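Colleague: Structure provided below as structure tokens; questions to follow.
The values are calculated or read from the model by the stated rules, or taken from the named source; none is laboratory data. Model, not experiment: these values are computed from the prediction. Glycine gets a Cβ as well: all are built from the backbone with ideal geometry, and neighbour counts include every protein chain shown.
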Amino acid sequence: MSDDMPSRIRRAYRWTAARYGADPLHLLALLACFALTGYAATRVVAAGIWVGFVVWFVGAAIVHDLLLYPLYAVSDVTAQRRPWRRRRRPSGHPARPSSINYLRVPAALSGLLLLIWFPLILGLAGDTYHRSTGLDTSPYLGRWLLVTGVLFAGSAIAYAIRLRRHRVVARPRLHARAPRSPRSSPSG
Amino acid sequence: MFGLVLLAGIPIIAITGMLSYAAYDPRVPDNDTTPERGWLGFYLFDWPTYPASLYRVTQGVHVVLGLTLTAVLLAKLWSVIPRLFIWPPARSAAQAVERVSLLLLVGGAVFEFVTGILNIQLFYVFPFSFYPAHLYGAWIFLAAFAVHVAVKLPKMVRSLRSRSIRRELRTGLDATRPEPPDPDGLAPLSPAEPTMSRRGVLAFVGGASLLTFGLSVGQTMDGPLRRTALLAPHGRDYGAGPNDFQVNKAASAMGVRLAETGPGWRLELAGARQAILSRADLLALPLHTYVLPIACVEGWSAEQSWTGVRLADLARLAGIMPGTAYAVVESLQRGGAFGQASLSAGQMSDPRSLLALRVNGADLSLDHGFPARIIVPNAPGVHNTKWVRRISFHPTAR
């Protein structure tokens, strides 16, 4: 019974799966993907653009993974460790709400807009832009700065509101337990 | 979560992109920008003239949705990047093969977004023509995307089910706990104190998408909303006059001189018989007015009221029965792409397809194609040839 066709196939399937490390269908799907990629690659070669294409294709992954990502990850870590940040208050006292997201969010949004629109903002395509539209790219830097300014201002206002609310809540407790807290601070 | 959004969005971008390729009518002679496409253009069909705003919508969606999802793509890549540095890089043959496909997936995604985003800003720094690179790159990306979805879909469903979205939306920073260690090694082993709740991350990325969307979607609109496109290449305000709308390819840049568009200008028709017409001759023919959009592959669009002679009437003047011939339209422009474009027999016989002489009640301005330009419903902008000097008719093989 154990040597009939279906069970032999099943055994071969299991053997392949064990050797390969996943369901053989996984391999089949990936081979189909590589086949289509290979065919598209022949079209790229036929178009006579393969060198630039490969450089930009692989370069796109490298620039994102090894340049862009480390860049924003390191700036985020640096911002969180701000050397200019005040020392933590002694434990037991309610700390001020963290300001990191009020810095992080507008900076990231502004950075995203710059990442997408840097040719316009920095005027890098000014010549082709003028040939096409009859206009120049000069307004874009100002517009980006304006949006950036609005984002940071909005964030600062949100943080101020947050701080005020925090003080209102924290004040009674501060009175009771934290004589070192600044009594003269304006707290509405 | 970001995966789910991309799973919904990328097929829309892919389909609208493929439609844009079909919109160029590459099967009509001289229109194909990628003649070596082989089987990758298997889906081509005659591009319709109804509805007139179809291309305006599909290409607007393609470009604006692509811009909108840039933030989601970056967030998705951010959330999985620990996998890049995992050691050993593969524990089995299956993992090794899959990692190769991930290079195609990530490289392809970034390649498609970057070439698209640079192209709409007319920043042609890439060492290749945009059309073949963006098309073939799309196929490579989509192949890897389809396999990635097939492999990861069960995992995505499981991880989405592992948390209640409603509860997460009610969970603030104080109650946010780090992800428990997972078999994929995505969750950090010694996580720092959380600085942002999960709902905060969603709002952050969603807000970034919304911001990009809000600052660019205006370039697909008419009227005062167009001014909201603060960061979009073609959302600019030209003024309030009849000819004050988006220009693509200024006359001066295309080498079109005022003298050759003056009284000496003639339109040449070449079909079963020849005809030479001055602008006054054209104005004496029956004129028709239609409100039609111009929609560009770069995503922007604008609707205007065009007045001119039906292309079908010009075909009859050249001794051609409308619907039996495609046409090659040649421009006065020197250099630049699309100085010549072919229109299908179907496009030539639509009654709203015009050789426009006037726009919004005024003569065309030089930048908009004076003395005469093509306007065909639902055709991509570059096929609406400006400064037309010659239309030749060629019987279709069918």
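Colleague: Read through the list (1) at the interface with chain A (Cβ under 9 Å from one of its Cβ atoms); (2) farther than 30 Å from A:Leu141 by Cβ; (3) surrounded by 13 or more Cβ atoms within 10 Å (Cβ to Cβ), then give the number of the only condition that B:Leu202 fails.
Modeller: (1)
Colleague: Also, I was wondering about something else. Looking at the range B:111-122 only, could you name the residues that are touching a residue at least 40 places away in the same chain (Cβ under 8 Å) and either of a type in the set (A, V, I, L, M) or at the interface with another protein chain (Cβ under 8 Å from one of its Cβ atoms) (or both)?
Modeller: Residues satisfying the conditions are B:Ile117, B:Ile120, B:Gln121, B:Leu122.
Colleague: Of all residues in the range B:332-372, which are assigned to a strand (DSSP E or B) and either touching a Gly at 6+ places or on another chain (Cβ under 8 Å) or in the same structural domain as B:Leu19 (by TED's automatic domain parsing) (or both)? It would help to see each step written out before you state the result.
Modeller: Restricting attention to the range B:332-372, the residues satisfying the condition of being assigned to a strand (DSSP E or B) are B:340-343, B:354-359, B:362-363.
Result: B:Leu354, B:Leu355, B:Ala356, B:Leu357, B:Arg358, B:Ala362.
Colleague: Can you report the number of residues in the range B:43-90 which are touching a helix residue (DSSP H, G or I) at 6+ places or on another chain (Cβ under 9 Å), touching a residue at least 12 places away in the same chain (Cβ under 8 Å) and outside any helix (DSSP H, G or I)?
Modeller: Looking only at that region, the number is 8.
Colleague: How about the range B:172-183: which of its residues are under 18 Å from B:Val80 (Cα atoms) and within 14 Å of another protein chain (Cβ to nearest Cβ)?
Modeller: B:Pro183 - this is the single residue of the range B:172-183 that is under 18 Å from B:Val80 (Cα atoms) and within 14 Å of another protein chain (Cβ to nearest Cβ).
Colleague: Something else now. Cβ-Cβ below 9 Å, separation at least six or inter-chain, first residue in the range B:123-138 and in the same structural domain as B:Ala23 (by TED's automatic domain parsing) and without any contact (Cβ under 8 Å) to a residue 24 or more places away in the chain, second part of a loop (DSSP other than H, G, I, E, B) and of a type in the set (Phe, Trp, Tyr): which pairs?
Modeller: Every condition considered, the pairs that remain are B:Phe130/B:Tyr124; B:Ala133/B:Phe126.
Colleague: Can we say B:Gly369 is among the small types (Gly, Ala, Ser), touching a Ser or Thr at 6+ places or on another chain (Cβ under 9 Å) and free of Cβ contacts under 8 Å to residues at least 24 places away in the same chain?
Modeller: yes
Colleague: A further question on this structure: So B:His148 fits all but one of (1) out of contact with any His (no Cβ under 8 Å at 6 or more places or on another chain); (2) in contact (Cβ under 8 Å) with a residue 60 or more places away in the chain; (3) surrounded by 18 or more Cβ atoms within 10 Å (Cβ to Cβ); (4) not in a loop (DSSP other than H, G, I, E, B); what number is the exception?
Modeller: (2)
Colleague: If you go through the range B:19-69, how many residues are among the polar types (S, T, N, Q), surrounded by fewer than 21 Cβ atoms within 10 Å (Cβ to Cβ) and more than 21 Å from B:Asp350 (Cβ to Cβ)?
Modeller: 1
Colleague: Out of the residues in the range B:243-282 meeting the condition of being part of a helix (DSSP H, G or I) and surrounded by fewer than 16 Cβ atoms within 10 Å (Cβ to Cβ), tell me which one is modelled with the lowest pLDDT.
Modeller: B:Ala259
Colleague: Taking only the range B:98-110 into account, find how many residues are free of Cβ contacts under 8 Å to residues at least 40 places away in the same chain, facing chain A (nearest Cβ under 10 Å) and surrounded by fewer than 20 Cβ atoms within 10 Å (Cβ to Cβ).
Modeller: The number of residues fulfilling the criteria is 2.
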